[in-house]
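The values are calculated or read from the model by the stated rules, or taken from the named source; none is laboratory data. Everything numeric here is computed off the predicted structure, so don't read it as measured data. Cβ placement follows ideal geometry from the backbone for every residue including glycine, while neighbour counts extend to all protein chains displayed.
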Amino acid sequence: MKLIVTALIVCALLVSGVRYALLIQAQIREYREKQGSDLAVPRDGSLNGVDSAGALLQSGLSGIESRELPGYLVLFVLHRQDAANEVQFWNKVADAKPHLESASIRPVRFWGICDDGANCNPFASSAHFRIVGYLDPYQMHAVAKADLRREALLYDRRGALLAELAQAKTPEAETALILQQVK
Amino acid sequence: MESAIVVLMVVNAFEMAFFFKIQHDSRIYNRSIHFPVPSGYLLDSSFLPASAAHCFLLRLTSDACPYCHLDQPEYKRLVAEAQKDGCKVVTLAAKLGQVKPNGNLGGIAQLQFVDINLGQALNPYSTPQTILLNSDGKIAWDREGSIDPASLSEALHALTKIG
């Protein structure tokens, strides 16, 4: 009798062990997927926001609205603490628009996403690009992820992510990175 | 035979502990993160200022998501209790166009455009999500997927703990 009870206990423990092993395997898969999505920037964009003047921006890239010609859109983060320097840097990149547009044959636009909501608005008058404080949660999450890696995001005319651009040391180098992608 | 039982019990205990650890780590939100006070532009283009509240109930939803409609009785009950306790209730759509503006939401703000701090904290990749935050933005309770009766009672318990 004792032997039968012992054998039953061993069987129950074996079944439980196998069950947990299978559960762990599934959970590890879920964990890896989560890790992957935590790091990756999604390939599609939701390029809608509100700029420093409180105007609703719809990029026109995603087909929602076609007020603007289809083209490329560069999103980068403007850090309020260093906004004066960063505006200067990105102004030089934005000033290369004619060069970029003649190479790509399409408009290239720049949105500087403020890391402090509307608090970069005082820089709007000196910026040669749009300052945007608010985006769709989906897009803002992508921008925040890219900023953790000090990257800008380049979207194509279909609103798909074309490239994650590393923050270059000079505006000329940044322009060259964009040019490489759009030509 | 007895030693086999001991070994199997130890293995089971180890597996159980590891399973719960990895299940915890796979959660959409780490409980240690802090959310900023929800603010930004609403679907009707008005601005929602970052004003303090006793607690916040956030709901990421989409009109096209079937699971977002499944738990309406539980969600509405949670909203009613949260509002009674002085919580600010905010719904969000991950992308513009996923939720139609609704003028008759009974004090619920339909937030559409967020700043980078809220954008970073919020994981926009699955709907529905329901998150209860205390006044400091700390997660008191959260649920990925429809709210079932068991998770509703957890949420109501978390609400009473917020006080």
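Annotations for the structure displayed:
- Evaluated against (1) among the polar types (S, T, N, Q); (2) touching a residue at least 12 places away in the same chain (Cβ under 8 Å); (3) surrounded by fewer than 19 Cβ atoms within 10 Å (Cβ to Cβ), A:Q139 falls short on exactly one condition, (3).
- Condition check for A:E68: modelled with pLDDT under 85, at the interface with chain B (Cβ under 9 Å from one of its Cβ atoms) and either over 30 Å from B:D25 (Cα atoms) or surrounded by fewer than 16 Cβ atoms within 10 Å (Cβ to Cβ) (or both): no
- Taken over region B:67-108, the criterion of being under 29 Å from A:L148 (Cβ atoms) and either away from every other protein chain (no Cβ under 14 Å) or part of a helix (DSSP H, G or I) (or both) is satisfied by B:K88 alone.
- Identity of the residue in region A:12-48, of a type outside the set (V, I, T), part of a loop (DSSP other than H, G, I, E, B) and surrounded by 13 or more Cβ atoms within 10 Å (Cβ to Cβ), that ends up nearest to the other protein chains (Cβ to nearest Cβ): A:S46
- Qualifying residues in region A:1-38 (those that are of a type in the set (S, T, Y) and within 30 Å of B:Q120 (Cα to Cα)) - the one nearest to the chain's Cα centre (by Cα): A:S37
- Qualifying residue in region B:23-36 (condition: surrounded by 16 or more Cβ atoms within 10 Å (Cβ to Cβ), touching a helix residue (DSSP H, G or I) at 6+ places or on another chain (Cβ under 8 Å) and without any contact (Cβ under 8 Å) to a residue 24 or more places away in the chain): yes
- If you go through region A:91-117 and pick out every residue that is within 14 Å of another protein chain (Cβ to nearest Cβ) and buried (at least 20 other Cβ atoms within 10 Å of the Cβ), you end up with 6.
- Conditions (1) within 11 Å of chain A (Cβ to nearest Cβ); (2) farther than 24 Å from A:A146 by Cβ; (3) among the hydrophobic types (A, V, I, L, M, F, W, C): number failed by B:L132: (1)
- Test: residue in region A:120-135 that is among the hydrophobic types (A, V, I, L, M, F, W, C) and within 8 Å of chain B (Cβ to nearest Cβ): yes
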